[in-house]
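Trainee: Take a look at the following structure, please.
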Amino acid sequence: MLFLQKTIAKLLNSKLVLNNPYLNIGAIKSKINELKIKKCIEQVTIGEKSKFYEQAEVINLQKNCEKICIGKNSHIRGGLQVFEQNGKINIGDFCYVGENTKIWSALSIEIGNQVLISHNVNIHDNISHPLHSDMRFKDYKRILGIENYEPKTFDLNSKKITIKDKAWIGFNSIILKGVTIGEGAIVGAGSVVTKDVPDWTIVAGNPAKIIREIPENER
């Protein structure tokens, strides 16, 4: 799909197309974006008034729409992926997922209501490939289509991620497996979160550490 998109983009920006007075470039690009958005929507369960944008991408390797559920009034510009082995992504109401953000699940990622996730954020509930080098190489060959292996034989050491209501995840942050982000918590830009974040606290750094609590009058 990515190769096709790049090929189409290259064609649209070529002199052959740009200098052709009989082609409506804007209409062609608009149609391509509509098809991309439609493909995203077809792979998820989506609530009323929620929206995917042209930058969004959905990879549902289980081909089960119930494995990626989005509530009402949420806006998605990033990428959502559930693995063949397992995986489920739930995103609540009035959430935002920024451009180039990747949310990858091989077990479970639960995102509450009114959660803002900025651009270039990575949220992974697994390690993506087996730790053992031989198994990792087998998995790599499976992904390339060179050899056929059952994905469930690979242990991705998955642990559930929970992001509670009203949390805010700053750009370029990384949320690792097994972490819970508390209600109303703020993760500073560029942070790497390896441990739970309490409700109504601000964390930052690599690894992320508590900067301060958020008082009642700032919540």
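The values are calculated or read from the model by the stated rules, or taken from the named source; none is laboratory data. No experiment lies behind these values; they were computed from the predicted model shown. Backbone-built Cβ (ideal geometry, glycine too); neighbour counts: all protein chains shown.
Trainee: Being among the basic types (Lys, Arg) and either closer than 21 Å to ASN64 by Cα or part of a loop (DSSP other than H, G, I, E, B) (or both) is the filter here, so list the residues in the range 29-50 that pass it.
Mentor: Passing the criteria: LYS36, LYS38, LYS39, LYS49.
Trainee: For ASN113, state whether it is modelled with pLDDT of 95 or more, within 21 Å of ALA185 (Cα to Cα), not in a loop (DSSP other than H, G, I, E, B) and not small (Gly, Ala, Ser).
Mentor: Spelling it out, it is not the case that ASN113 is modelled with pLDDT of 95 or more, within 21 Å of ALA185 (Cα to Cα), not in a loop (DSSP other than H, G, I, E, B) and not small (Gly, Ala, Ser).
Trainee: Scanning the range 29-58 for residues that are among the polar types (S, T, N, Q) and within 21 Å of GLY112 (Cα to Cα), which turns out surrounded by the fewest Cβ atoms within 10 Å (Cβ to Cβ)?
Mentor: The residue in question is THR45.
Trainee: Can you find even one residue in the range 145-155 that is modelled with pLDDT of 95 or more and of a type in the set (D, E, K, R)?
Mentor: Checked the range 145-155: no residue is modelled with pLDDT of 95 or more and of a type in the set (D, E, K, R).
Trainee: Let me ask something else. Counting only residues that are modelled with pLDDT under 95 and not polar (S, T, N, Q), which one in the range 116-131 is surrounded by the fewest Cβ atoms within 10 Å (Cβ to Cβ)?
Mentor: Only one residue tops the list, namely LEU131.
Trainee: Out of everything in the range 75-90 that is out of contact with any Asp or Glu (no Cβ under 9 Å at 6 or more places or on another chain) and surrounded by 24 or more Cβ atoms within 10 Å (Cβ to Cβ), what residue ends up being farthest from ILE161 (Cα to Cα)?
Mentor: ILE76
Trainee: Could you list, in sequence order, all residues of the range 74-95 that are of a type outside the set (A, V, I, L, M, F, W, C), within 12 Å of ALA56 (Cα to Cα) and outside any loop (DSSP other than H, G, I, E, B)?
Mentor: HIS75, GLY79, GLN81
Trainee: For the range 166-219, which positions are among the basic types (Lys, Arg) and at pLDDT below 95?
Mentor: ARG219
Trainee: Would you point out the residue of the range 37-90, among those that are under 28 Å from ARG142 (Cβ atoms) and among the acidic types (Asp, Glu), that is nearest to the chain's Cα centre (by Cα)?
Mentor: Across the range 37-90, the extreme among qualifying residues is GLU57.
Trainee: For HIS75, work out the one condition from (1) farther than 17 Å from ILE175 by Cα; (2) in contact (Cβ under 8 Å) with a residue 40 or more places away in the chain it doesn't fulfil.
Mentor: Just one mismatch for HIS75, condition (2).
Trainee: Same structure, new question: Take the conditions under 19 Å from ILE103 (Cβ atoms), of a type outside the set (Ser, Thr, Tyr) and more than 20 Å from the chain's Cα centre (by Cα) and apply them to ALA208. Does it pass?
Mentor: yes
Trainee: For VAL97, indicate whether it is aliphatic (A, V, I, L, M), buried (at least 18 other Cβ atoms within 10 Å of the Cβ) and touching a helix residue (DSSP H, G or I) at 6+ places or on another chain (Cβ under 8 Å).
Mentor: The answer is no for VAL97.
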